[in-house]
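Every number here is computed from the coordinates shown, using simple stated rules; none is lab data. Keep in mind it's a predicted model, so treat the numbers as computed, not measured. As a convention, Cβ positions derive from the backbone with ideal geometry for all residues, glycine included, and neighbour counts pool all protein chains shown.
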Amino acid sequence: MKLAGLVVYLLGIALSVVRPPLERLACIDMTTGQVMTRINPFFLVLELSLIMVGSLFLALNHEFKNYHERNGWMAVSTGLGFAFVGGYSEIYELSLFGVVLAILGMIVYKIGRAKYGGGQS
């Protein structure tokens, strides 16, 4: 199950590199001369879903001491995947969301380790 989770997680990352969720439209902004783009919701949801499911499979296979550690680890891994997809596709809102999710996940992970005796923090 751990290998399947890693494959699904990396498939979501690879799909965002091969086929970013942005598509070019057949129009140009006359003031700047740039080609207009839009987000393709199908590919965006597909890539983010693969990352979330892969993170879940990886977390279910690992022996965490409590649910705070598990949820924190899932938030960190999912947030980093979201940040990568957002940064590579130049969707800065998604990238910022991923970074914030990873930071919150790290806080939850550290609280779970400190509160329930998982080691030094």
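Structure notes:
- Residues in segment 20-45 that are within 14 Å of residue 91 (Cβ to Cβ) and of a type in the set (Lys, Arg): 38 alone.
- Residue in segment 89-106 that is assigned to a helix (DSSP H, G or I), charged (D, E, K, R) and either exposed (fewer than 15 other Cβ atoms within 10 Å of the Cβ) or in contact with a Cys (Cβ under 9 Å, 6 or more places away or on another chain) (or both) present: yes
- Residue list for segment 49-105, restricted to those being of a type in the set (Phe, Trp, Tyr) and over 21 Å from residue 7 (Cβ atoms): 64, 67, 92, 97
- Residue that is surrounded by the most Cβ atoms within 10 Å (Cβ to Cβ), among those in segment 1-19 that are within 20 Å of residue 87 (Cα to Cα) and more than 14 Å from the chain's Cα centre (by Cα): 19
- For segment 21-37, taking the residues that are under 27 Å from residue 47 (Cβ atoms) and either polar (S, T, N, Q) or touching a helix residue (DSSP H, G or I) at 6+ places or on another chain (Cβ under 9 Å) (or both), the one that is surrounded by the fewest Cβ atoms within 10 Å (Cβ to Cβ) is identified as 34.
- Selection from segment 32-49 of residues that are part of a strand (DSSP E or B) and within 18 Å of residue 87 (Cβ to Cβ): 37, 39
- Unmet criterion (only one of (1) of a type in the set (Gly, Ala, Ser); (2) surrounded by 13 or more Cβ atoms within 10 Å (Cβ to Cβ); (3) part of a strand (DSSP E or B)) for residue 75: (3)
- Number of residues in segment 50-63 that are in a loop (DSSP other than H, G, I, E, B) and either free of Cβ contacts under 8 Å to residues at least 12 places away in the same chain or more than 22 Å from residue 116 (Cβ to Cβ) (or both): the value is 1.
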